[in-house]
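The values are calculated or read from the model by the stated rules, or taken from the named source; none is laboratory data. Everything numeric in this text was worked out from a predicted model, so none of it was measured. Note: ideal-geometry Cβ built from the backbone for every residue, glycine included; neighbour counts use all protein chains shown.
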């Protein structure tokens with residue numbers, strides 16, 4: 001389990017780019033603790049509500065792959081306020097456990113979804129036995145891991161043989177025109193809108209930098225395969241503004 005970080009240094013004191021370069025677990029935790037009160041509202045506002053569709057798409061595909069499994073065990077990592085965990089919990093018979101390193105985010109998640117088991121912890125050292133879950137999911141959190149490869153190795157370790165990882169991340173469109181429009185919104189418009197509703201705009205300055213630096217499409221599926229998964233594929237969504245990765249152990 002991760003201990004609550006020293007809150008003396010606010011992430012707003014750092015630059016978004018420098019946090020991406022160091023990406024310490026404590027800094028990421030402080031950032032999400034800080035934005036927790038407005039996190040849900042801004043997520044839905046800034047994505048125009050399409051984030052709900054992305055989670056539903058991942059859940060629908062998980063449900064198909066779990067057909068015949070009467071009681072699947074699902075772990076949602078970097079759960080935030082629990083929306084993907086709740087979506088996965090709608091799969092018939094599913095028992096969902098959700099984990100996050102931010103106690104402030106978890107406090108909100110527990111109030112929203114009391115039927116789900118929430119645990120404070122982090123991806124690089126999951127507090128579960130080998131081969132414990134049929135599915136491991138993560139929505140918009142993997143790019144924040146302090147050690148990406150270690151996190152993916154842990155996903156692989158706790159999955160049962162044949163189990164699947166479902167990972168949703170923002171995507172930078174590959175089409176030139178769409179890419180330019182997307183980056184203008186992402187870097188210029190989005191932080192200003194966030195600033196109208198959140199006391200901390202830091203996370204929304206950090207967001208575009210984190211997306212730009214995260215390996216995309218084949219680059220990320222290659223990491224999944226190197227960390228033990230026997231197959232990995234990706235599914236761009238909504239004009240390539242989001243992407244779903246599915247990997248099988």
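Going residue by residue through region 174-188, is there one that turns out to be closer than 20 Å to residue 47 by Cα and buried (at least 20 other Cβ atoms within 10 Å of the Cβ)?
yes
Can you tell me which residues in region 87-120 are part of a helix (DSSP H, G or I) and over 21 Å from residue 159 (Cβ atoms)?
Listed by number, the residues that qualify are 103, 104, 105, 106, 107, 108, 109, 110, 111, 112.
Only one residue in 108, 116 is at pLDDT 95 or above, surrounded by fewer than 20 Cβ atoms within 10 Å (Cβ to Cβ) and in contact with a helix residue (DSSP H, G or I) (Cβ under 7 Å, 6 or more places away or on another chain). Which one?
108
Of everything in region 189-214, what is more than 20 Å from residue 44 (Cα to Cα) and surrounded by fewer than 17 Cβ atoms within 10 Å (Cβ to Cβ)? Give them in sequence order.
Hits for region 189-214 are 212, 213.
Can you report the number of residues in region 211-226 which are farther than 19 Å from residue 186 by Cα, out of contact with any strand residue (DSSP E or B) (no Cβ under 9 Å at 6 or more places or on another chain) and either in contact (Cβ under 8 Å) with a residue 24 or more places away in the chain or assigned to a strand (DSSP E or B) (or both)?
1
Restricting to region 50-78, name every residue that is in contact with a helix residue (DSSP H, G or I) (Cβ under 7 Å, 6 or more places away or on another chain) and surrounded by fewer than 17 Cβ atoms within 10 Å (Cβ to Cβ).
Once the filter is applied, which keeps residues that are in contact with a helix residue (DSSP H, G or I) (Cβ under 7 Å, 6 or more places away or on another chain) and surrounded by fewer than 17 Cβ atoms within 10 Å (Cβ to Cβ), region 50-78 yields only 56.
Assess whether residue 37 counts as being at pLDDT 95 or above and either more than 15 Å from the chain's Cα centre (by Cα) or assigned to a loop (DSSP other than H, G, I, E, B) (or both).
When the stated conditions are applied, residue 37 does not pass them.
I'd like to check something: does region 215-223 contain any residue that is over 17 Å from residue 171 (Cα atoms) and loosely packed, with under 13 Cβ neighbours inside 10 Å?
No, there is no match, as no residue in region 215-223 is over 17 Å from residue 171 (Cα atoms) and loosely packed, with under 13 Cβ neighbours inside 10 Å.
Of the residues in region 141-156, how many are free of Cβ contacts under 8 Å to residues at least 40 places away in the same chain and surrounded by fewer than 21 Cβ atoms within 10 Å (Cβ to Cβ)?
Here the count works out to 2.
When you scan region 121-137, how many residues do you find that are under 24 Å from residue 68 (Cβ atoms), outside any strand (DSSP E or B) and touching a residue at least 40 places away in the same chain (Cβ under 8 Å)?
Number of matching residues: 2.
Being modelled with pLDDT of 95 or more and surrounded by 24 or more Cβ atoms within 10 Å (Cβ to Cβ): is that true of residue 81 here? Steps first, please.
Values: modelled with pLDDT of 95 or more: yes; surrounded by 24 or more Cβ atoms within 10 Å (Cβ to Cβ): yes.
Against the criterion (modelled with pLDDT of 95 or more and surrounded by 24 or more Cβ atoms within 10 Å (Cβ to Cβ)), residue 81 qualifies.
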